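Right, one structure below, let's go through it.
The values are calculated or read from the model by the stated rules, or taken from the named source; none is laboratory data. Just so you know, these numbers come straight off a predicted model, no measurement behind them. Please note: Cβ atoms are built from the backbone with ideal geometry, for glycine as well, and neighbour counts cover all protein chains shown. Calculation scope for accessible area: heavy atoms of the full protein, side chains included, ligands and nucleic acids excluded. Shrake-Rupley method; radii C 1.70, N 1.55, O 1.52, S 1.80 Å.
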Amino acid sequence: MQMKAKKKDDKADSSNTIWVLAALVITFIAYISALKNGFTNWDDEMYITTNTYISSISFENISAMFSHYWMANYHPLSMLSLAIDYAISGFAPWTFHFTNIVLHLICTAFVYLIANQLIKDSRLAFLIAFIFGVHTIHVESVSWVSERKDVLYSMFFLASIGLYNKYILNGLQKKYLIYSLLFFLLSLLSKGQAVSLAITILLIDLYHNRNLKDKNVIAEKIPYIILALLFGIIAIYAQQSMEAIKITRYPFYERIAYASFGFVNYVFKIIYPYNLSAFYPYPSSTSGAVPPFFWIFPILSLIFLISAIRLWKNHKLVAFGMFFFMINIFLVLQLLPVGDAIMADRYAYIPSFGIILTILAALYHFVGKTKSNKTNLFYAFLIYGCILTVYTYQRNKVWNNSISLWSDVLIKNDKVIVAWYNRGNALKADNKFSEAINDYTQTIKLDNGHVGAINNRGLTRQELKDYRGAISDFSLAHKTDSNHYQSVNNRGFIMEQLGKNDSAILDYELAMKINKSYPDPWYNMGTLMGKMGRLKESIPYFDKAIELKSNDPQYFSNRAIAKASLGMQNEAIKDFSRAIQINPSFGNAWMNRAIAYLNNGQKGMACRDIEKAKSLEVPGAYEMWQKVCNANKN
């Protein structure tokens with residue numbers, strides 16, 4: 001008898017493995033197109049390309065990750081995972097995308113295991129994991145590198161739930177409870193949204209008919225609740241650090257309407273991912289009030305809740321999925337408004353498991369009474385999953401770059417200010433200046449106080465040598481916001497290019513006055529003093545610029561040029577050396593240091609630097625090498 005039972009268990013394990021692998025292979029195919037994607041200008045710059053925290057896995061950086069907020073969030077493990085990617089391949093985008101896909105695959109495997117724990121039906125568990133894995137609403141979480149925190153916290157979150165389930169199903173073995181608690185902590189360290197797990201495990205207790213009044217059951221929950229409260233407070237402080245929470249924007253009764261709108265739309269978009277967008281703005285109305293039809297959504301939300309309560313007694317699995325969704329979507333329904341969007345696809349990542357479970361369990365229960373009906377349902381959902389796979393494969397391409405991303409948003413809604421502005425920035429970076437100006441102009445039409453768009457339009461006009469238009473924009477930006485020091489500095493730079501040095505000096509001085517910690521006007525003033533032959537006056541400005549920004553090689557190089565012109569060759573050599581240390585490919589610094597060495601009578605050192613400048617193809621380096629170094633060798 002024991003041999004037969006063992007063979008049966010082995011057969012079940014083999015079947016489970018096959019189903020899991022099938023779900024993972026198809027999910028990987030759905031997301032393989034994301035490996036060709038680059039970074040976008042939506043947070044990827046802050047999280048990756050300009051993030052000094054991930055530049056090395058050092059004690060100082062890891063300490064900073066665990067002791068600082070970043071982008072109004074506290075997620076040190078997510079930051080650490082990005083640092084590991086950087087250590088592997090630098091800024092190669094495919095590495096970051098590949099890691100996101102792997103984490104999503106692990107989440108998909110955990111979804112299968114949890115579903116199988118709950119329903120003990122490997123084919124149905126496969127369908128749930130398959131739909132979860134290929135679902136198009138998850139593209140934002142997987143294809144957006146900055147949402148590493150979403151797939152990472154979800155992996156630990158699902159692992160914790162699976163272990164808690166195992167704790168109950170395996171006779172309350174304490175080791176599984178401890179493991180579950182550990183993974184909960186890891187989830188919280190990846191993203192604050194994980195706090196909902198503390199309530200989710202109560203739902204699991206109810207599903208397994210545990211007595212919530214039992215003192216042992218209560219004692220189990222205390223560590224979860226303490227961690228949830230602690231990290232919930234941390235999350236609130238993190239959001240407040242960048243004034244991301246905007247509780248005064250809408251009165252509470254309006255927030256109920258907006259939250260209900262999000263609730264209902266998440267359900268519909270999980271059922272079928274229609275009109276997905278990277279940004280869903282709050283609705284606009286002529287009166288400024290909530291559009292009247294929005295008041296249907298609180299009613300629909302209430303019907304959903306009542307239905308879950310009524311279904312619990314006789315259709316517990318269906319109700320479990322509904323409550324799982326409600327518990328895990330509640331905190332992101334904008335009852336406490338964060339940011340400028342009414343909802344976001346990424347918020348549905350974990351909650352979607354509940355809706356997928358509900359739909360499949362309900363159909364199998366109410367329609368799949370016979371074996372043939374169950375077979376038909378199985379194939380119907382296979383077809384549905386294949387359709388989602390195609391949608392997901394295509395939607396990954398939307399996240400290929402900033403222009404494709406924001407163009408997609410504008411196709412869905414051409415009133416999204418951030419989309420016009422960010423696409424303008426992307427077009428400018430791509431040297432498509434006329435198109436960028438159009439996008440900045442559209443931004444300003446929608447928000448005439450958008451100083452970022454006004455200033456950037458000025459910079460773009462400067463690239464087209466439309467100096468009058470650039471000065472007009474910089475002046476408008478400063479008029480719109482008298483503290484906008486960048487536009488004043490930018491105007492000064494244009495004045496300098498036009499030979500209006502007195503006006504340039506006034507603008508640089510004003511920019512310094514507005515923000516004493518802004519290095520650019522100090523550097524620009526130093527450069528201008530040098531051009532005007534006032535070399536001694538230029539050096540203190542360079543000193544201040546370097547004090548404010550000590551990692552810019554151009555700052556050191558220009559100060560070195562001023563010192564060399566004043567005959568301070570040794571000091572100049574030190575500055576050129578620092579510039580080269582910061583950027584070893586800085587050809588002009590090698591060339592200029594060579595000249596300083598020659599002026600100092602150090603021809604051997606000079607030839608070494610000229611050789612390097614020649615290898616970097618610096619103009620004039622070969623001629624100087626022939627004149628100085630080749631003759632020296634002879």
Per the filter on the stretch 141-166, residues open to solvent by less than 10 Å² (accessible area, probe 1.4 Å) and within 16 Å of TYR47 (Cα to Cα) are SER141, VAL142, SER143, TRP144, VAL145, SER146, GLU147, ARG148, ASP150, VAL151
Using beta carbons and a limit of 8 Å, which pairs, at least six apart or on different chains, have the first residue in the stretch 110-139 and open to solvent by less than 10 Å² (accessible area, probe 1.4 Å) and the second one acidic (Asp, Glu)?
ILE137/ASP345; HIS138/ASP345; VAL139/ASP345
Among the residues of the stretch 439-474, write down those that are of a type outside the set (Asp, Glu) and open to solvent by 80 Å² or more (accessible area, probe 1.4 Å).
LYS445, ASN448, LEU464, LYS465, ARG468
Restricting attention to the stretch 17-76, which residues are polar (S, T, N, Q) and within 30 Å of VAL390 (Cα to Cα)?
THR17, THR27, SER33, ASN37, THR40, ASN41
Being within 20 Å of ALA511 (Cα to Cα) and among the charged types (D, E, K, R) is the filter here, so list the residues in the stretch 456-467 that pass it.
ARG457
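Would it be correct to say that SER487 is part of a loop (DSSP other than H, G, I, E, B) and under 30 Å from VAL418 (Cβ atoms)?
For SER487, the condition - part of a loop (DSSP other than H, G, I, E, B) and under 30 Å from VAL418 (Cβ atoms) - is not met.
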Would you confirm whether any residue within the stretch 312-322 is in a helix (DSSP H, G or I), open to solvent by 20 Å² or more (accessible area, probe 1.4 Å), β-branched (Val, Ile, Thr) and under 21 Å from SER196 (Cα atoms)?
no
What about ALA64, is it surrounded by fewer than 22 Cβ atoms within 10 Å (Cβ to Cβ), in contact with a Phe, Trp or Tyr (Cβ under 7 Å, 6 or more places away or on another chain) and of a type in the set (A, V, I, L, M)?
yes
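If we scan the stretch 84-95, do we find a residue that is closer than 29 Å to ILE131 by Cβ, assigned to a helix (DSSP H, G or I), touching a residue at least 40 places away in the same chain (Cβ under 8 Å) and open to solvent by less than 30 Å² (accessible area, probe 1.4 Å)?
First pass over the stretch 84-95, keeping only residues closer than 29 Å to ILE131 by Cβ: 85, 93-95.
This time we only want the ones that are assigned to a helix (DSSP H, G or I), so: 85, 93-95.
Now drop any that are not touching a residue at least 40 places away in the same chain (Cβ under 8 Å), which leaves 93-94.
Retained after the next criterion (residues that are open to solvent by less than 30 Å² (accessible area, probe 1.4 Å)): none.
No, the conditions are met nowhere in the stretch 84-95.
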Right, PHE59: hydrophobic (A, V, I, L, M, F, W, C) and surrounded by fewer than 16 Cβ atoms within 10 Å (Cβ to Cβ) or not?
yes
When restricted to THR441, THR460, THR375, THR392, the only residue out of contact with any helix residue (DSSP H, G or I) (no Cβ under 8 Å at 6 or more places or on another chain) and of a type in the set (Ser, Thr, Tyr) is THR375
For THR200, all conditions in the list (1) open to solvent by 10 Å² or more (accessible area, probe 1.4 Å); (2) part of a helix (DSSP H, G or I) hold save one; what is the number of the exception?
(1)
Out of all the residues in the stretch 324-378, which are part of a loop (DSSP other than H, G, I, E, B) and either in contact with a Ser or Thr (Cβ under 7 Å, 6 or more places away or on another chain) or open to solvent by 20 Å² or more (accessible area, probe 1.4 Å) (or both)?
LEU335, LEU336, GLY339, ASP340, TYR349, ILE350, VAL367, LYS369, THR370
Considering only the stretch 26-67, how many residues are in contact with a helix residue (DSSP H, G or I) (Cβ under 9 Å, 6 or more places away or on another chain), within 16 Å of ARG148 (Cβ to Cβ) and not acidic (Asp, Glu)?
16
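Please return the ranges of helices (runs of 4 or more DSSP H) entirely within the stretch 385-453 where 3 or more residues are in contact (Cβ under 8 Å) with a residue 40 or more places away in the chain. Break it down into steps so the answer makes sense when it comes.
On the way: elements: 402-412, 417-429, 433-446.
Because the criterion is at least 3 residues that are in contact (Cβ under 8 Å) with a residue 40 or more places away in the chain, the helices (runs of 4 or more DSSP H) in the stretch 385-453 that meet it are 402-412, 417-429.
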Conditions (1) at pLDDT 90 or above; (2) open to solvent by 80 Å² or more (accessible area, probe 1.4 Å); (3) more than 24 Å from the chain's Cα centre (by Cα): number failed by THR248:
(1)
